[in-house]
Structure formats: structure tokens, C-alpha cells
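Inspection log for the structure reproduced underneath, given as C-alpha cells.
The values are calculated or read from the model by the stated rules, or taken from the named source; none is laboratory data. Since this is a predicted model, take the numbers as computed values, not measurements. Cβ placement follows ideal geometry from the backbone for every residue including glycine, while neighbour counts extend to all protein chains displayed.
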């Protein structure tokens, strides 16, 4: 019966330390797994939103070209105009025809926010045009 600690008290303290260490490791592991799950969910949400946005762009473009095909299908006189416009070697001598496609004489003001196109169209010009339609410019 001394003032020192008994053997059982020392073993209890060692067991208590082991339990506390196990609880600490267990808590850290659960937080780690929760962080991984949140990262996985956020990544999945970002992937879905990107995928959905791409599909929506494709649908809008499909609807746009469908609208053009439905509402701007040329009549026979318009077909002649279109075929005449796209002939490269033929010089237009008719002033009525010339006013339809003399795009070089059109001046675009600096305040115009839409895409500035040059002809003949290049791939970058077409992509600018599609982006402008996406952003309703």
C-alpha cells in the first residue's frame, strides 16, 4: 500500500491510450473517405454539366439548321440566285443580281458587337458565327 500506482492502473492507462489512438485513426479515416466521396460527387456533377451543355449546344445547332431548312428552302427563282452567287468564275453584269451579294461595299460600324466576317469564309469565321448564334449576338 504505497503511494505509487499499481500494475492494473498502468495497464488501464495503456489500454486507454490504445483506444484513443484507434478512435483518432478511425475518425481520420472516416473524414478521409468522406472527402473522397465529396470529390467524387463534385467531379461527377461537373462531368454531367459539361456533357449536358454539349448535348444542349448540339440540339440548339440542330434546331437552328432545321429551322433554316424549313423556312428558307429556296423557290426556283431563289435557287437561281443562290447558284449565281456561288459561281466563282462568272462576273455578275446584272445590277439587280449585284445588289444581292455585293458584300464588299457593306460598311460595318465599330459599335457592332457581333462577329466580323470576311469572305470567303474560313473555319475560324464559321466558328465565330456559331459562337455568336450561341450567345444570341
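Structure notes:
- Filter result for residue 113 (closer than 30 Å to residue 131 by Cα, within 25 Å of the chain's Cα centre (by Cα), surrounded by fewer than 10 Cβ atoms within 10 Å (Cβ to Cβ) and at pLDDT below 85): yes
- With respect to being surrounded by 10 or more Cβ atoms within 10 Å (Cβ to Cβ), under 27 Å from residue 128 (Cα atoms) and modelled with pLDDT under 85, residue 92 falls outside the description.
- For segment 125-134, a tally of residues being over 18 Å from the mean Cα position of the chain (by Cα) and at pLDDT 80 or above returns 0.
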